[in-house]
Amino acid sequence: MTRVLATLENEDLGWDGKTVLAGVSLSVASGERLALLGKSGAGKSTLLTTIYSRLLGRIAYVPQDTGLVGPLSAFHNVWMGRLDDHRTARNLRTLVWPSKAERATVDTVLDATGLSGLGRRPVMNLSGGQKQRVALSRALLRGGDVVLADEPVSAVDVTQGAELLARLDETFATSVIAMHDVEMAKGWATRIIGIAGGRIVLDCTPTEASDADIAALYV
C-alpha cells in the first residue's frame with residue numbers, strides 16, 4: 001500500500017533568513033523515485049535537506065560533499081553507516097580492530113559498487129568517482145526505508161552511474177536524488193521535480209516532461 005512519507009504545503013525554504021525556494025508544495029510517497037533537476041544553485045540541495053528533515057524511520061543520506069573522513073580507510077567510512085546501530089565501545093573497537101566478519105560485510109558492499117580491494121585504502125587517496133562510490137557504499141550498508149542523495153554519481157560515467165543507481169534501487173524502496181544528468185534522470189526516475197526561478201516549476205513523470213520543459217530549467 002502506498003504511504004505518504006513527507007509533505008510540504010506552500011512552504012518557503014531557505015537558510016539564515018534567506019528564502020531559496022518559495023511556495024513549495026510537494027509530497028513523497030513510498031515506492032517513488034524522485035529526480036530533482038535544475039541548474040547549479042537552483043535550490044535542489046535545499047529541497048533535498050528539507051525532505052530529509054521531514055522523514056521518519058531509517059534513512060540513508062548522501063550529501064554532495066560525500067561527508068567522508070579523508071584519513072580514515074574506505075572500510076571505516078562505509079562502516080559509519082551503522083554507527084548508530086551499536087554502542088560507543090563497539091564502535092571504538094571497530095575503529096581500532098575491525099573483526100573479520102565486519103570487514104567481510106563491508107567488502108561485500110564495496111564489491112557491489114566497484115571498489116573491490118580498496119577497503120583499507122585511506123579515502124584521501126581515492127579519486128573523486130571512488131569517493132562517491134564509498135559514500136554510496138555507506139548508504140547501502142546502512143539500508144533503510146528511503147535514500148536521499150545529492151548528485152551522487154556526478155563523478156562517474158553514464159554507464160557506471162546507471163549501475164550505481166540500480167544498486168540503490170535494489171536496497172531502497174524510495175529514493176529522492178538531485179541529479180546532474182537529465183537523460184539518466186529520465187531513465188531512472190518515476191517522477192521529475194524541476195526547479196527554476198526559486199520555485200518548483202515541473203512535477204510530472206519523465207514521459208510527461210517535454211524537451212522544452214527540461215530546457216527551461218537551465219536557462
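The values are calculated or read from the model by the stated rules, or taken from the named source; none is laboratory data. Here the structure is a predicted model, which means the values were calculated and not measured. Every residue, glycine among them, receives a Cβ derived from its backbone with ideal geometry; neighbour counts consider all protein chains shown.
Within the range 187-219, which residues are of a type outside the set (A, V, I, L, M) and under 23 Å from residue 7 (Cα atoms)?
188, 190, 191, 194, 197, 198, 199, 203, 204, 205, 206, 208, listed by residue number.
State whether one or more residues within the range 58-76 are in a helix (DSSP H, G or I) and surrounded by fewer than 19 Cβ atoms within 10 Å (Cβ to Cβ).
No.
How many of the residues making up the range 15-57 are farther than 26 Å from residue 145 by Cβ, surrounded by fewer than 15 Cβ atoms within 10 Å (Cβ to Cβ) and in contact with a strand residue (DSSP E or B) (Cβ under 8 Å, 6 or more places away or on another chain)?
So the count comes out to 3.
On the basis of being of a type in the set (S, T, N, Q), within 25 Å of residue 131 (Cα to Cα), in contact with a helix residue (DSSP H, G or I) (Cβ under 8 Å, 6 or more places away or on another chain) and in a loop (DSSP other than H, G, I, E, B), does residue 94 make the cut?
Criteria not met by residue 94.
Can you tell which of 73, 99 is in contact (Cβ under 8 Å) with a residue 12 or more places away in the chain, among the polar types (S, T, N, Q) and in the same structural domain as residue 124 (by TED's automatic domain parsing)?
73
Do we have residue 150 as among the acidic types (Asp, Glu) and out of contact with any Ser or Thr (no Cβ under 6 Å at 6 or more places or on another chain) here?
For residue 150, the condition - among the acidic types (Asp, Glu) and out of contact with any Ser or Thr (no Cβ under 6 Å at 6 or more places or on another chain) - is not met.
Return the residues of the range 1-50 that are in contact (Cβ under 8 Å) with a residue 12 or more places away in the chain and of a type in the set (Lys, Arg); say none if nothing qualifies.
Correct list: 3, 33, 39, 44.
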